[in-house]
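Take a look at the structure below.
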Amino acid sequence: MAKSKNSKQSDVASAESLSRWENVRLIAGFALVIFGIFLTCSIISYLFYWKEDVSAIHETNPRVDVEYMNICGPMGARVAHGLVGCGFGLFAFVLPLFITVFGWRLFRFKSLRLYRFGIICALVLLMGSLTLGATFKTAWELFGSGLGGEYGISLDIWLGDMIGSVGTLLVIVAGWIMAGLLINRNFLRV
């Protein structure tokens, strides 16, 4: 009789801990999906209103009433400027994609074997920023730095100093081939 009572208490305790874990998982997944959508909207709005947002961000006079054009407000403008202008350029879209997919997988409780997807996203993010930084450098001064963002331009300059322009081109080609192979093993046949 004592064993059955203890086993029932153990079953109830495990069910309570499981339901707590499910609640945390659902809340975290939902929050990540919402955050990914917020980042996506911020970046899309930043692509259209980056000049106004950058000037509002850099305004230091407290008497001036600054107006942010970003649809996600001042926080969206600052985050998008950090990701696009000061970060990875146009390929900053990869970050909200990864965050949204990760949150959706948590929310829908699919298996979390996202390591391959994460590696692909990281490689596409880095190689895309480097490619745009090496190709366009600071042309048109879009986003305050260039299409590749400050990261891509800085990485291009660093690689150029270390291995030259031909070495940088080889790194770009090898990186995109690796990304293609991770996405589809038959990439080289194409």
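Quick notes
- Estimated from helical segments only, the mean residue ellipticity of the chain at 222 nm is -25500 deg cm²/dmol, where each DSSP H run of four or more residues counts as -39500 (n - 2.57).
- Inter-part distance, segment 26-96 to segment 163-190, computed on C-alpha centroids, equals 31 Å.
- Across segment 44-140 the C-alpha pair distances fall into 10 Å bins from zero in the proportions 15, 35, 30, 16, 4, 0 percent.
- Per residue, the chain exposes 64 Å² of solvent-accessible protein surface, assessed with a 1.4 angstrom probe and all protein chains in place.
- For the peptides 96-108, 77-89, the ranking by packing is 77-89, 96-108, with the highest mean count of neighbouring Cβ atoms within 10 Å listed first.
- The chain, relative contact order in percent, only Cα pairs under 8 angstrom and at least six apart counted: 20
- In the assembled protein chains, Glu22 presents an accessible area of approximately 80 Å² (probe radius 1.4 Å).
The values are calculated or read from the model by the stated rules, or taken from the named source; none is laboratory data. This is a predicted model, so every value here is computed, not measured. Methodologically, a virtual Cβ is constructed for each residue, glycine included, from the backbone with ideal geometry; neighbour enumeration extends over all protein chains shown. The protein model used for the area step is the full one, side chains on, heavy atoms only, and it has no ligands, DNA or RNA in it. Shrake-Rupley method; radii C 1.70, N 1.55, O 1.52, S 1.80 Å.
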